[in-house]
1. Residue 199 versus (1) in contact (Cβ under 8 Å) with a residue 24 or more places away in the chain; (2) out of contact with any strand residue (DSSP E or B) (no Cβ under 6 Å at 6 or more places or on another chain): which is the lone unmet condition?
2. Residues being in contact with a helix residue (DSSP H, G or I) (Cβ under 6 Å, 6 or more places away or on another chain) and either over 14 Å from residue 89 (Cβ atoms) or within 16 Å of the ligand (Cβ to nearest atom) (or both): count how many of those fall in the stretch 119-135.
3. For the stretch 167-254, give me every one of the helices (runs of 4 or more DSSP H) that falls completely inside it and has 1 or more residues that are on the phi > 0 side of the Ramachandran plot, touching a helix residue (DSSP H, G or I) at 6+ places or on another chain (Cβ under 7 Å) and more than 12 Å from the ligand (Cβ to nearest atom).
4. Of the conditions (1) modelled with pLDDT under 95; (2) away from the ligand (no atom under 16 Å from the Cβ), residue 267 clears all except one; give me its number.
5. Is there a residue being in contact with a strand residue (DSSP E or B) (Cβ under 8 Å, 6 or more places away or on another chain) and assigned to a loop (DSSP other than H, G, I, E, B) anywhere in the stretch 277-289?
6. Answer with yes or no whether residue 190 is crowded, with 18+ Cβ neighbours inside 10 Å and at pLDDT 95 or above.
7. Enumerate the pairs (first residue in the stretch 171-192 and farther than 14 Å from residue 250 by Cα; second residue anywhere and more than 14 Å from the ligand (Cβ to nearest atom) and part of a helix (DSSP H, G or I)) with beta-carbon separation below 6 Å, excluding pairs fewer than 6 apart on the same chain, so at least 6 apart or on different chains.
8. Limited to the stretch 27-60, what total is found for residues that are in contact with a helix residue (DSSP H, G or I) (Cβ under 9 Å, 6 or more places away or on another chain) and within 19 Å of residue 416 (Cβ to Cβ)?
Ligand code: BG6
């Protein structure tokens, strides 16, 4: 891997502490960082290099997946870190940064490969990208890349505007848009599982699949993010990005050895084939909910409107369920159900494939007795694959018994999403980053929903914290004769 300077905007922020430093450290321990590697952290606060390194060390001790017990390794890792004060609006600060970057490149005798990571609020994306160009930081003799966090825009128009602005300073192949769901190991495995298993390949069509259920629910509430969350809701926070990415990753068909261009092209095709919703149809196909007070795992929690920073008149969605259809030869007439929400009974990110039931189709005698034949991908918090099959029940003549074929891995052995993504960005592999085409098409698909919400065409259903969301989310499936497959 080529020597690189990792320039981190937002180096004193929460994401850096919780995710980025631990990810870098774990890559370092796994020898997946370039041999010569320099990190320059940037923030508004004055900090010495020593204090910055101490803070980084503290974050490793709090959040690293791998043990932080070898003083030699920790020291070697921290030596790569330098700090510089930067106010995003101050041109002089970028000049100071350029000097520091060049000085470190000279000290380490490394080429000018620069990875700029924007771990800052979206309001700063534009000014930072522009200043990188104008200051000369972006005029490297090596390569330059930009890693950018979500949210990428607030709606279709603002996303287009942002992309337009970024594209003045960085080409599309230099922009790595993080969607951390694409970094999750099980999501990355979806691609390979299909390519390497003829059994799955053969089944991946509407001949055999009855429906697909994609769930990402969580027990946490709005936490300390009221200012952000109350303006975006579950539809922008989770659905437009993470959930649609899961849908794309699951539904693409890939020949063995597909390149990143092919993966992204296929994802784009899926988005293009997604049946568009008209504003008037949203209420039939999308359920929105907001949590009220309840109990989660024995603990009483307040309702959304009583959370700090949220007003009693908030109409924000904390839960979304939707029914989607992909109009292509593989998926025509297979409903995809997506749901995501906060303050639900459990934390669970999973994809369930429900197969058609031939016995049900052919004979009513068996109707009540078979269980759905399922393939379940557990993504978070556990990682695993389960196949549920119907077998004969030896105890009850003529009846069926479900058996589970189960594979689970221990979380300790599984790299964090950020490890995978930073590693890929360092190598310049864009496969698991969101291409602009996907982002634009996602916003385009979601826009009528945003409009319908704005015009109050879709009721906001209350659901108790600790439930699985509003009953209307169950009815969405019941209409088609299905139900959500849950753990509990
Ligand atoms: C983030 C959202 O992108 O994903 C959060 O902003 C959400 O609101 C989080 O809690 C969920 O991520 P994970 O990896 O815990 O499923």
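The values are calculated or read from the model by the stated rules, or taken from the named source; none is laboratory data. Model, not experiment: these values are computed from the prediction. Every residue, glycine as well, gets a Cβ built from its backbone with ideal geometry; the counts of neighbours run over all protein chains shown.
1. Exception for residue 199: condition (1).
2. 2
3. Values: elements: 185-196, 198-203, 226-234, 244-251.
In the stretch 167-254, no matching helices (runs of 4 or more DSSP H) lie anywhere.
4. Here residue 267 meets the rest and fails (1).
5. yes
6. Values: crowded, with 18+ Cβ neighbours inside 10 Å: yes; at pLDDT 95 or above: no.
Judged against the criteria, residue 190 is not a match.
7. Pairs that qualify, where the first residue is farther than 14 Å from residue 250 by Cα and the partner is more than 14 Å from the ligand (Cβ to nearest atom) and part of a helix (DSSP H, G or I), are 172/436; 176/425.
8. Of the residues in the stretch 27-60, 13 are in contact with a helix residue (DSSP H, G or I) (Cβ under 9 Å, 6 or more places away or on another chain) and within 19 Å of residue 416 (Cβ to Cβ).
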